Every structure is written in C-alpha cells, then in structure tokens.
1. Report yes if some residue within the range 125-134 is open to solvent by less than 20 Å² (accessible area, probe 1.4 Å) and either basic (Lys, Arg) or in a strand (DSSP E or B) (or both); otherwise report no.
2. Looking only at residues that are buried (at least 17 other Cβ atoms within 10 Å of the Cβ) and at pLDDT 95 or above in the range 137-147, which one is nearest to Ser85 (Cα to Cα)?
3. Just give me the residues in the range 67-102 being under 13 Å from Ala120 (Cβ atoms) and among the charged types (D, E, K, R), in sequence order.
4. Where in the range 1-115 are there helices (runs of 4 or more DSSP H), lying fully within it, with 2 or more residues that are open to solvent by 70 Å² or more (accessible area, probe 1.4 Å)?
5. Return the residue satisfying two criteria in turn: it lies in the range 31-60 and is among the β-branched types (Val, Ile, Thr) and within 13 Å of the chain's Cα centre (by Cα), and of such residues it is nearest to Ile141 (Cα to Cα).
Amino acid sequence: MQSLTKILVLHGPNLNLLGKREPEIYGRLTLSEINQQLKNRALEFGVEIKFLQSNFEGELVQAIQNAPENFDFILLNAAALTHYSIALRDAIAAIEIPVIEIHLSNIFSREDFRHKSVIAPVCLGSISGFGIDSYISALEIAVRKLRRLNCEK
C-alpha cells in the first residue's frame, strides 16, 4: 500500500465524553483511547490516519467537504447528527471519496428516534453495535477497499 493513503476519522457531538457518558451503552474507553487503538492499527497497515472530534455540525461538514483534497477515505461516527443532519448527508453525497458510518452502540436496539440514519444512504456502509470493534472493522474495510482500488490501477 502506498504511504500516501490517508484516512480521516470524524467523531461527532458528545463523543469527547466517552468513558464518562453512559458507559453501560458506550463503554469505558475514552475517545483518546479509541483514537490510539486506531492509530496503532493504521500503523500496522501502513496508512496515515487523522482524527477530528467536533460538537459542531458545520465543522464536520467543512471537514467532509475538504477531505477529498487530503484523504482517501472517511470513517464517520456522526453520533446524534446521524438521525437528522441533512447538511452532513449532503456533504457526504457531494464528495467522491467513500465514507463508512460507525456507531459504538447498536442504534437499532435503542430508542426509536435512533433507528433512522439520514446519512446511511450516501455512505458506503454502516457498522454499529460492536464498541471499539465498530471502528476497527471500519478501518480494516477501508484499507481493503483502498488496496483493491490501488491494484486495479
């Protein structure tokens, strides 16, 4: 894999509270610990990985819009924005790089309002319900997809 391969991980609102916020749902790992595990895994794959957490929808939209200039893939946990942010949905639809939607918890086993994802239809796929393994799985899938693309060129 080329060392130029870069993956952007975007974390949405309230994910900065991981480890403290409802650990029975989201687990006890902090966002920093999740990022470190992803960074370690990315190093094993020989890819660069960058992280951004924001509680602000516009900042995430801007990051998505700017991503094609610097990244090959996006892993996105939009958190609560998943369920209503048409702005995020439209930003994802407007770019040409793939996005995988990620959730720590199983959004389909929770409150009814969490069952709907407005971003899922414009994402390559969605992974939810596996805690940190949702992120790790998404990273592994992204790397495999990028390797296939590189082989086809």
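The values are calculated or read from the model by the stated rules, or taken from the named source; none is laboratory data. What you are looking at is a predicted structure, and each value in this text was computed from that prediction instead of being measured. Ideal geometry is used to build each Cβ from the backbone, glycine not excepted, and the neighbour counts take in all protein chains shown. When the accessible area is computed, the model is the full protein with side chains, heavy atoms only, and any ligands, DNA or RNA have been set aside. Shrake-Rupley method; radii C 1.70, N 1.55, O 1.52, S 1.80 Å.
1. No, that holds for no residue.
2. Applying the filter and picking the extreme gives Ala138.
3. Hits for the range 67-102 are Arg89, Glu101.
4. 31-45, 57-70, 86-94
5. Among residues in the range 31-60 that are among the β-branched types (Val, Ile, Thr) and within 13 Å of the chain's Cα centre (by Cα), the one nearest to Ile141 (Cα to Cα) is Ile49.
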